Amino acid sequence: MHISTKMSYVFIVNKTKGSNLGNADVADSFFSRFKGLMMVKNLERGLILKLPSDRSRRASGIHMFFMRIPLDVVFADSEKKVVDTVTLDPWTTYTPVAPSRYVIELEKGKLVESQTDIGDELDFTCETA
């Protein structure tokens, strides 16, 4: 039995601010979401975790166990509207203020650089997003 962990590649834009958040892979399977960015030393591009549509606020939470670098994290709803943002250090956990369809993990500093805030509309497209 082969389990696919192949991820799609996208470019993320903050439509509200006219800024970009960079490139990211899309993790849309249980295994690709589970692996995430654990044990990564250098972040070449971000990661979008595509969650099942019926996730609650608590089930949209993430952990930073086995992470080696801090991350900026954007939580977006099914309309790709930002519902929460946070910067997290390794070995921490976080539950967003609202349910999320997308959890976007980025290099620390991208939130400030792109001026991304709650309420902003994002755009990213690929065959699985």
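Tell me, yes or no, whether the stretch 23-31 has at least one residue that is of a type in the set (Asp, Glu), at pLDDT 85 or above, over 23 Å from Gln115 (Cβ atoms) and surrounded by 13 or more Cβ atoms within 10 Å (Cβ to Cβ). Yes, the stretch 23-31 has at least one match. Scanning the stretch 96-129 for residues that are farther than 16 Å from Asn14 by Cα and under 13 Å from the mean Cα position of the chain (by Cα) yields a total of 4.
Within the stretch 70-89, the residues that satisfy the criterion of being outside any strand (DSSP E or B) and touching a residue at least 40 places away in the same chain (Cβ under 8 Å) are Glu79, Lys80.
The set of residues in the stretch 32-46 being at pLDDT below 90 and within 11 Å of Glu107 (Cβ to Cβ) consists of Leu37, Val40, Asn42, Leu43, Glu44, Arg45.
Residue-wise test of (1) closer than 25 Å to Asp123 by Cβ; (2) hydroxyl-bearing (Ser, Thr, Tyr); (3) surrounded by 13 or more Cβ atoms within 10 Å (Cβ to Cβ); (4) out of contact with any strand residue (DSSP E or B) (no Cβ under 8 Å at 6 or more places or on another chain).
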{"residue": "Lys41", "(1), (2), (3), (4)": "no, no, no, yes"}
{"residue": "Gly46", "(1), (2), (3), (4)": "yes, no, yes, no"}
{"residue": "Lys50", "(1), (2), (3), (4)": "yes, no, yes, no"}
{"residue": "Phe75", "(1), (2), (3), (4)": "yes, no, yes, no"}
{"residue": "Asp89", "(1), (2), (3), (4)": "no, no, no, yes"}
{"residue": "Tyr94", "(1), (2), (3), (4)": "yes, yes, yes, no"}
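The values are calculated or read from the model by the stated rules, or taken from the named source; none is laboratory data. Everything numeric here is computed off the predicted structure, so don't read it as measured data. Note that each Cβ is placed from the backbone with ideal geometry, even for glycine, and that neighbours are counted across all protein chains shown.
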